[in-house]
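Report on one structure; see the data block that follows.
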Amino acid sequence: MLLSPSKHQIQTEKWTKIPRRSVAPLLIGTFILRVNGGAAPIILGRLLAQLSSQQGHPISNIHVGLLAVTYFIVELTLAPVMGAISDRIGRRFFLTLGPLIGLAQVVLLVFTPAQNPLPYLLSLQVLAGVSTAMQVPAVLGYLADYTSENRALRMRIMSLYELATSGGFAVGVVLGGFAWDRFGRQAYGLLAVGYLVVAVCMFLVPTVKQVIEHSKLKSTVRRYWGVLRTPRLFIFIPAWISFCALAGVWLSSQLTFILSSSRHNPNQSLMGIFSAHGGGGHMSLVLGAYVLFFGLSLLFWAFFLNRVPRLLLMLSSITGIYLFCIALAGINHFGSGNPVLMVIWIVLLLVGVFAESSFAPAALAYLADISEDAAKDRGLLMGLYSVFLGLGQLLGGGLGAVFAQIWGFDGLIYLTVVLAFVALVALLMLLRLDRRLGSVMFSWPKG
């Protein structure tokens with residue numbers, strides 16, 4: 001059971017006379033941050049492919065996966081700690097400091113050595129992980145505070161947050177390939193400017209109600225343990241980790257490396273399809289179009305279905321994932337040279353992407369709903385988002401490297417099918433629990 005705070009343990013920011021102001025600066029900052037996040041894997045993947053061709057020994061899929069693993073280990077280790085600290089000292093400090101650390105990391109990337117670059121890049125991945133661990137729990141905790149009195153608004157805000165995230169990725173992957181073709185390593189300078197703008201945006205976010213906790217360590221640890229043992233959260237964890245692992249599979253440098261490396265397979269048309277000169281720009285257009293459509297789908301969920309039950313949206317997204325896999329397998333094996341089949345696969349792919357896009361905003365709103373019973377610990381609870389994201393993408397990046405090394409592009413599809421099944425089982429268990437307890441989590445939200 002979560003402990004109720006005593007009055008002398010709680011201190012709130014001065015908010016009673018502050019009108020509800022727009023969170024536009026935070027969403028704009030998030031968008032730019034995700035532009036950087038979309039461009040960085042493209043640029044890094046192209047850099048690794050270039051270095052691989054220049055060195056005596058090639059850089060393998062395992063090496064690329066190791067970079068992602070390092071980043072996510074740091075993020076998932078520090079995120080709950082940073083979230084818990086933000087509960088005690090406020091979130092605004094972390095909102096601004098996180099992108100400044102990201103700025104330092106991308107500036108140092110310009111100096112990546114041509115010989116034996118992996119140790120240097122691994123050390124910079126540590127900085128990138130620290131930056132994200134500071135930023136994400138603070139942003140999500142802030143949004144949970146902002147929407148604490150309106151569940152329908154919460155779904156809309158979380159959808160807009162995900163829209164800013166995926167829309168930023170779409171712009172980033174487009175800019176990433178063209179920036180590399182035009183500027184080479186100096187493309188990291190554009191990322192540095194982006195981080196600086198993000199820091200300014202986060203500095204301008206309005207003040208909102210936040211409960212500040214000052215209890216003793218023993219009672220704090222006891223309360224944290226109670227939060228982590230919440231049944232709905234415990235059962236939800238496998239589903240969220242599995243879905244986040246899909247991001248590790250499809251939104252990392254691994255996909256870029258497979259599509260642009262010189263490794264070809266006559267039975268898989270997508271292997272090395274963008275390896276020719278100027279392929280970075282073409283790849284960016286294709287990946288950017290995909291992520292942009294994902295973002296437009298999120299916009300639909302935000303403004304038309306913001307009152308649909310969270311669990312229903314998450315369950316329907318699993319169907320979309322399987323349609324996505326079927327379409328990609330068709331394109332990889334049967335679409336080449338047959339325009340009619342290619343149109344069918346692309347339509348099926350778009351339907352799948354549309355359905356699966358509902359998972360992330362519904363899951364974020366679900367976590368925020370759970371946090372209502374632990375208002376003092378929103379930073380910790382929403383920081384678990386980064387833990388789930390880190391564990392998932394660590395799992396997706398690591399397993400994706402192994403599957404891709406063995407089965408090529410098909411390996412990414414096989415892994416996606418397995419992860420979607422794990423998420424489906426967990427969601428069905430959660431649905432059973434919520435119905436047994438008469439939870440409002442499956443009911444139709446009210447404003």
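Simple spin-label estimate for Arg182 and Asn267 gives 4.2 nm between the two label positions (7 Å along the Cα-to-Cβ direction from each Cα).
Label-to-label distance, Thr207 versus Val308, with points set 7 angstrom from Cα along the beta-carbon direction: 4.0 nm.
Using the Cβ-Cβ distance between Ile73 and Val347 with R0 set to 45 Å, the FRET efficiency from 1/(1 + (r/R0)^6) comes to roughly 0.70. A protection proxy built from the mean count of other Cβ atoms within 10 Å ranks the segments 343-354, 234-245, 169-180, most packed first, as 169-180, 234-245, 343-354.
The label point for Arg432 and the one for Ala114, both projected 7 Å from the Cα toward the Cβ, are 6.1 nm apart.
Going by average Cβ neighbours within 10 Å, how do the peptides 133-143, 81-91, 119-129 rank, with the highest at the top?
133-143, 81-91, 119-129
The gain in end-to-end length when the Ala24 to Tyr414 segment is fully stretched comes to 136.5 nm, 0.36 nm per residue minus the alpha carbon separation.
Every number here is computed from the coordinates shown, using simple stated rules; none is lab data. Keep in mind it's a predicted model, so treat the numbers as computed, not measured. With ideal geometry, Cβ positions are generated from the backbone for all residues, glycine too; neighbour counts draw on all protein chains shown.
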